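Report on the structure given below.
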Amino acid sequence: DYDFISKKNHDYLVLPIMLKYNFSNKNSFYVNAGPFIGFLLKSNLTNDLEKINNLKYNPVSTTHLHNKTDFGISIGLGKTFSINKKNAIFIEFRENLGLTNTSNFKVWGNGELKTNSLNFVIGYLLN
């Protein structure tokens, strides 16, 4: 009986195209949604076997095992805070749901690997 930790990290550049609906004009809550395209920058696997044999391995690149592009849908909910007539700050929670299989290898049970991320966004608007 063995216990170990295995972590897989994926770094993506995600470009969403969002449609936004404001509930009112000033300092308003809003919702947005739209498609995204993601580009895989790198993927690493790290194994921690300290509990088994006191070893901790350096990350291994697994970028070649994944498709370089990902497509999906983004949905978000946010609030805008006006600073003056031309500037504002916004905060948003956004979910990116990948729709395509990102794996280049066979997944157990004819499965698929898809991305899913929850994002906290802070931005500054210039009008």
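The numbers here are math on the coordinates, done by the rules we state, and not lab data. Since this is a predicted model, take the numbers as computed values, not measurements. We place every Cβ from the backbone using ideal geometry, glycine too, and count neighbours over all the protein chains shown.
For the reader, a short list of remarks on this structure follows.
- Counting neighbouring Cβ atoms within 10 Å and putting the fewest first, the residues LEU65, LEU126 line up as LEU126, LEU65.
- Ranked SER24, SER117, criterion: other C-beta atoms within 10 Å, fewest first: SER24, SER117
- The Cα atoms of the stretch 63-127 cover 55, 20, 13 Å along the three principal axes, with the biggest extent listed first.
- Helix-only mean residue ellipticity at 222 nm for the chain, each DSSP H run of n ≥ 4 adding -39500 (n - 2.57), per residue, nearest 500: -500 deg cm²/dmol
- Once the Cβ-Cβ distance of ASP48 and LEU77 is raised to the sixth power relative to R0 = 22 Å, the FRET efficiency obtained is 0.05.
- Residue-by-residue Karplus 3J(HN,Hα) for the stretch 40-47, coefficients 6.51, -1.76, 1.60, Hz, glycine and proline x: 5, 8, 6, 9, 10, 10, 10, 10
- Sites excluded, trypsin sites (Lys or Arg not before Pro) in DSSP loops with at most 15 other C-beta within 10 Å, longest stretch of the chain: 27-67
- For the stretch 60-127, the set of GluC sites (Glu not before Pro) satisfying both a DSSP loop assignment and a count of at most 13 other C-beta atoms within 10 Å is given as GLU112.
- Contour excess over end-to-end distance, with Cα ends at PHE39 and ILE91 and 0.36 nm allotted per residue: 16.3 nm
- Space enclosed by the convex hull of the alpha-carbon atoms of the chain, per residue, Å³: 158
- Counting neighbouring beta carbons within 10 Å and listing from fewest to most, the residues SER61, SER82 come out as SER61, SER82.
- Near-label residues of the stretch 3-19 by backbone N, under 18 Å of a point 7 Å along Cα→Cβ of PHE105: 5-11
- Across the stretch 65-72, computed HN-Hα scalar couplings (Karplus, 6.51 cos²θ - 1.76 cosθ + 1.60, θ = phi - 60°) run 8, 10, 5, 7, 10, 9, 10, x Hz from first to last residue, x flagging Gly and Pro.
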